[in-house]
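The values are calculated or read from the model by the stated rules, or taken from the named source; none is laboratory data. These figures come from a predicted structure and were not determined experimentally. Cβ placement follows ideal geometry from the backbone for every residue including glycine, while neighbour counts extend to all protein chains displayed. Heavy atoms of the whole protein, side chains included, go into the accessibility calculation; ligands, DNA and RNA do not. Shrake-Rupley method; radii C 1.70, N 1.55, O 1.52, S 1.80 Å.
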Amino acid sequence: MSLGYKLQAVGEISADGFDSILLISHNALEDPAVPQQLKDAIKDAANWVEQNDEFSVHSIDLPAKVLFYSSTGLIDLEYQDVRCFTQAARKGITRVVKAGFKSPMIVLGSYPPFPQSQLVSLLGVMEWLYVNLQYREDCPQQYPKVNTIGVHSPASKDLPRLISVATALETGRVVARDIGGPDPERMTPERVEQYVKEALSAEGNVNIDVICDEQTLKKEYPLFSAVNRAASVIERHKGRIIYLTYEGSSVTDTLLIVGKGVTYDTGGTDIKVSGGMIGMCRDKCGAAAAAGFLKVVSILKPNNLKVIVGLGLVRNSCGENSYVADEIITSRAGKRVRVVNTDAEGRMVMADIVCYMKEIAQVSLGPHLFTIATLTGHAIRTVGSGYTIAMDNGPARILSFSHQLQKSGEILGDMFEVSTIRKEDFDAYKGKTEGEDVVQLGSASRGHQGGAAFLIMASGLDEHGLDSAQAKLPYTHLDIAASAGEFPQQATACPVLGLAANFLSILT
């Protein structure tokens with residue numbers, strides 16, 4: 001698949017073929033990576049441009065003629081992070097494109113306290129250039145926003161690699177946004193399958209297996225099948241589980257990732273009211289991010305990894321065939337689950353797939369299980385917009401995995417906050433009467449941690465904890481409700497960058 005525009009390394013700022021220059025720097029006059037001719041242009045304008053202005057435009061005696069300078073402004077290292085370069089990049093490319101330029105040269109400054117600021121700046125530019133899938137399809141004349149981008153970076157030790165890494169990461173984010181962003185008819189479960197098959201077949205190293213037979217789903221994925229019941233009567237809305245597998249040549253670590261792919265969430269019979277359905281086409285962003293990460297993996301081809309992604313694609317519809325509160329459904333793991341709130345469907349969608357991944361993990365090298373989901377509104381209230389919450393089970397917590405992921409994500413501006421699953425979270429979801437093992441609550445007293453506890457219990461992962469006689473399996477739940485993007489703004493593709501920074505050799 002293509003980004004829609006050409007990206008190329010440029011050795012000199014005097015190169016022909018570019019109609020403008022966008023300089024991204026913390027302070028151009030003090031940045032040793034900024035070419036002197038650009039510094040002179042900015043300095044010459046100092047009598048009418050404040051030295052600490054965060055954006056300015058200058059004429060320049062180069063083939064490009066026009067210099068756009070986008071600065072981060074003063075950086076407070078006590079609390080600021082590399083996202084200030086993302087913001088400067090977005091601000092700059094916005095002005096360049098709105099001014100009508102189609103072939104800008106991006107000049108990347110350097111900032112040693114943030115060693116990946118150049119990669120982050122380039123990713124910020126590319127992020128803003130994304131055009132959502134439906135707009136691309138319906139109004140092709142609006143795409144792409146630019147034709148060519150040149151990249152000049154005197155401080156980069158390997159500019160072609162910087163560009164190739166940025167391209168791989170952005171391609172993965174495009175896959176995630178293309179799946180996560182569109183409306184519920186453009187991305188029904190069936191159409192997600194079509195998109196995934198097309199997007200992930202290019203490199204020829206991803207195996208795709210689709211399970212959509214209703215009898216198979218009912219037998220092997222009973223919790224998923226319950227959510228799917230109401231939608232299954234409409235052919236285009238029928239759910240499916242898609243497994244995507246990449247395997248390197250010298251595997252030492254296995255990542256097993258389950259993504260929540262609820263293409264639309266009405267709440268089921270516990271129907272959402274008072275405008276609560278607005279934006280529920282974004283309830284598939286967990287599956288979207290999982291597929292996007294696998295796309296990055298397929299491009300970069302790490303030898304040491306085997307990655308298996310399970311996408312639970314289903315529409316939580318409301319109808320005469322809906323699953324309802326008070327039903328007791330036995331999960332794949334043999335746990336009797338009492339339904340309390342049909343709007344807590346995401347954990348039902350994922351639990352049986354987690355159980356299947358648990359079975360695979362026991363015969364895999366270096367396994368680590370993940371769930372990625374827009375699971376709880378409580379996550380947004382807890383950490384605020386733009387942050388993924390990471391939660392470890394006991395074996396993952398011993399490895400300090402979530403804290404490691406937090407550090408990796410911060411390098412590229414994909415932000416995580418670490419939360420802890422406690423005994424109280426498990427107590428809230430324990431069966432309350434004889435004949436039930438787990439109750440499926442809409443929310444528990446502590447909020448976002450409860451969804452992780454449910455998934456551990458309903459999938460049988462609690463039998464692989466620190467005190468278990470069976471194999472101890474690290475598991476991390478990523479709640480992206482606060483980081484997936486505020487509707488109707490673009491989906492963010494979080495946490496593709498954080499996972500890539502942690503597991504792939506991408507840092508330049």
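General remarks:
- Whole-Hz Karplus values for the stretch 256-273 come out as 10, 10, 10, x, 6, x, 7, 5, 7, 10, 7, x, x, 6, 8, 5, 6, 10 Hz, taken residue by residue from phi with 6.51 cos²θ - 1.76 cosθ + 1.60 and θ = phi - 60°; glycine and proline positions read x.
- Shape call, the stretch 1-101: gyration tensor on alpha carbons, a/c limit 1.5: oblate
- P(r), alpha carbons of the chain - 20 Å bins starting at zero, rounded %: 24, 52, 22, 3, 0
- Relative to the longest principal axis of the Cα atoms of the chain, helix 449-459 runs at roughly 50 degrees.
- Spherically averaged projected area of the convex hull of Cα atoms, the stretch 156-207: 4.5 nm².
- Phi angles across the stretch 381-392 convert, under the Karplus curve 6.51 cos²θ - 1.76 cosθ + 1.60 with θ = phi - 60°, into 3J(HN,Hα) values of 5, 7, 10, x, 4, x, 10, 8, 9, 10, 9, 9 Hz, Gly and Pro given as x.
- Out-of-range pairs (alpha-carbon distance over 32 Å; input LYS407/LYS472; LYS102/LYS157; LYS301/LYS335; LYS197/LYS423; LYS260/LYS335): LYS301/LYS335; LYS197/LYS423
- With all pairs of different C-alpha atoms in the average, the Kirkwood value for the hydrodynamic radius of the stretch 322-400 is 15.0 Å.
- Cα-based shape type of the stretch 367-508, given that a ≥ b ≥ c are square roots of the gyration tensor eigenvalues and the cut on a/c is 1.5: oblate
- Applying the Karplus relation 6.51 cos²θ - 1.76 cosθ + 1.60 with θ = phi - 60° to the stretch 113-122 yields 3J(HN,Hα) values of x, 10, x, 9, 4, 5, 4, 5, 4, 5 Hz, where x marks Gly and Pro.
- Tilt relative to the chain, helix 345-361 - C-alpha long axis, 0 to 90 degrees, to 10: 90
- For the stretch 417-508, the solvent-accessible area works out to 40 Å² per residue, with a probe of 1.4 Å and every protein chain left in place.
- Once the Cα atoms are used to define both axes, helix 83-98 deviates from the longest principal axis of the chain by about 70 degrees.
- Once backbone amide H atoms are built at 1.01 Å from N, LEU22 has PHE68, MET105, ILE106, VAL107 as its partners under 5 Å, excluding neighbours fewer than 5 places away on the same chain.
- The residues neighbouring VAL97, those whose beta-carbon lies less than 15 Å from its own, together hold a net charge of +4 under the Lys/Arg +1, Asp/Glu -1 convention.
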